[in-house]
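The values are calculated or read from the model by the stated rules, or taken from the named source; none is laboratory data. Computed from a predicted structure; not experimentally measured. Note that we place each Cβ from the backbone using ideal geometry, even for glycine, and neighbour counts take in every protein chain shown. The accessibility values were calculated without ligands, DNA or RNA, using every heavy atom of the protein model including side chains. Shrake-Rupley method; radii C 1.70, N 1.55, O 1.52, S 1.80 Å.
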Amino acid sequence: YQGDIVKISANMKNDVAELSAKSLYNGGDGKVDLVGYSLGGLIAREYIHENPADHKIRKLITVATPHLGVFILWLDKVADIFPNTPVLIRTQLHQMVNEFVWKILGSEHQQSPDLNSDAVQEVRPDSSYLAELNNLTMIVHHPSYYTLYGDIAASIGFQVFIYKLSYKMSLGDL
């Protein structure tokens, strides 16, 4: 989660070429079917986007991929909309987002995600990266796409003195 989606997807080229060669060797057509879970779906889409004429992908199946962004990552920027938002509330919003992302990732990760990393910035709903990736006029040679929708219902909130802020949301494929 700490890298850049474009750089991560560039590493797929050798793996896809190897799988394609194995397919041809075993009498197949050299096409590869991919399954991408969560960020993996965006990484696979980026690979296809960067290799439009020679991606070797027949099907891409994405599961719980945030094609339109992850709303929770935008919450810590909400306070910027209101110029007089107290620093304490800004700090609490940032902390809430960080804690929530850490809970979603679970204990399998050894370090807390960097909310300022390239990958996190790229999956914000307002990112220029997602706007470009989702620009359908850019798709020239594309495989068949299938998306399986996953959803996580969440309730988040925090209290500052006597004020309690809470929000219920859906975190699926937003």
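Key figures for this structure:
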{"item": "Tally, over the stretch 53-74, of residues that are open to solvent by less than 30 Å² (accessible area, probe 1.4 Å), under 16 Å from residue 131 (Cα atoms) and among the β-branched types (Val, Ile, Thr)", "result": "1"}
{"item": "Residues of the stretch 138-152 that turn out to be more than 14 Å from residue 47 (Cα to Cα), open to solvent by less than 90 Å² (accessible area, probe 1.4 Å) and either out of contact with any Asp or Glu (no Cβ under 8 Å at 6 or more places or on another chain) or modelled with pLDDT under 80 (or both), as a count", "result": "4"}
{"item": "Among the candidates 45, 58, residue that is among the charged types (D, E, K, R) and within 20 Å of the chain's Cα centre (by Cα)", "result": "45"}
{"item": "Index of the failed condition, residue 92 passing every other in (1) at positive phi; (2) more than 21 Å from the chain's Cα centre (by Cα); (3) surrounded by 15 or more Cβ atoms within 10 Å (Cβ to Cβ)", "result": "(1)"}
{"item": "Options 34, 42; residue that is of a type in the set (A, V, I, L, M) and closer than 27 Å to residue 98 by Cβ", "result": "42"}
{"item": "Condition met for residue 115 (open to solvent by 80 Å² or more (accessible area, probe 1.4 Å) and either at pLDDT below 70 or not basic (Lys, Arg) (or both))", "result": "no"}
{"item": "Helices (runs of 4 or more DSSP H) contained entirely in the stretch 1-52, each with at least 1 residues that are of a type in the set (S, T, N, Q) and open to solvent by less than 80 Å² (accessible area, probe 1.4 Å)", "result": "5-10, 12-25"}
